[in-house]
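All of the numbers you see were taken from the coordinates with simple rules; none came from a lab. Computed from a prediction, not measured in an experiment: that's the story for all the values here. Note that each Cβ is placed from the backbone with ideal geometry, even for glycine, and that neighbours are counted across all protein chains shown.
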Amino acid sequence: MTTLRRRTYEVLEAAKEDDSLSRTVDCLLIVLISLNVAAVVLESVAELSATYGAYFFVFEMISVGIFTVEYLLRVWSCVENEILTSMSPLKVRLKYMRTPMAALDLIVPVYLAFIVNIDLRFLRVLRLLRIFRLTRYAASMRLLVDVLKQEAANIGAALFILMTMVVFAASVIYLVEADVQPDKFGSIPDALWWAIVTMTTIGYGDVVPVTPWGKVLGSLIGVISVGLVALPTGLLASDFGQALQHRRQEFEELISNILADGKITAEDHDILHEARDRLGLSDREAAAVLNAARQRLKHMITHCPHCGEAIGPEAPLPPRSQH
């Protein structure tokens, strides 16, 4: 039973390069999720929904059945996660069931539709959340999620500053424009629309200040907002780059340790493949890191690590002493 559970866990997790069954299951689930998203989009068209509504319903029920089986198998096999071996099986399963990805797997809204009356439009939007399940199969998306978790405090602080400036801008423009345009700036909540559109540099143009002071304030707010809006984006891009660099360095350290004896065994190849998949590195990135490590090792063998002078057979002869 343990062997079967372990194999189930390996198949449902992100596939390794040499695991054909796991890769096949991943591809089938990706196709099924993509088809579900396409079906939800097409079902929102009244003509298509009226003509093919029965087919959409059958496809949805089949998908729900498959996703339910997948969810139950994940709950059953998640105890094989090597990171959580110190916890009891019950705690591991409860921990998994509380994760956002498990909530997407559960698809509770679909079952609720059979119990209570739910607006179909709202249900379609909830079903569209299945697209986020694709992050499980994309290494770059998993890295982005990790960065968001690690830097949530900094990004949250930047967003808080941005929202504070939005409220401040709406309040100021309300003071100078409310008397002239009461239909558009009659209250601070009304002015919030203009503030958000202006500070995000969208600028639809449906609401604009007309007073001299309103134009001056609008210009200042527009200039200031360029930096404020870019702040969360800059933080996220910087942290993403640093996280990717850290993963490359970790892979480099692993390669250096493996190359310490000057050769790579079959077992070492398996370790490198597993590390590459775990760190989310592409084949090209992993090959570049490996080639660079080999070049450094070759240089260390033929050159002194302290002075950089050539040693061994390629070393130049010392100058002839003069007597």
**OP:** May I ask you to list the chymotrypsin sites (Phe, Trp or Tyr not before Pro) in the stretch 171-250 that are in a DSSP loop and have at most 12 other Cβ atoms within 10 Å of their Cβ?
**Re:** Y204
**OP:** Once you have all Cα-Cα distances for the stretch 149-257, histogram them in 5 Å bins from zero and send the whole-percent values.
**Re:** 2, 12, 18, 17, 12, 9, 8, 6, 5, 4, 3, 2, 1, 1, 0
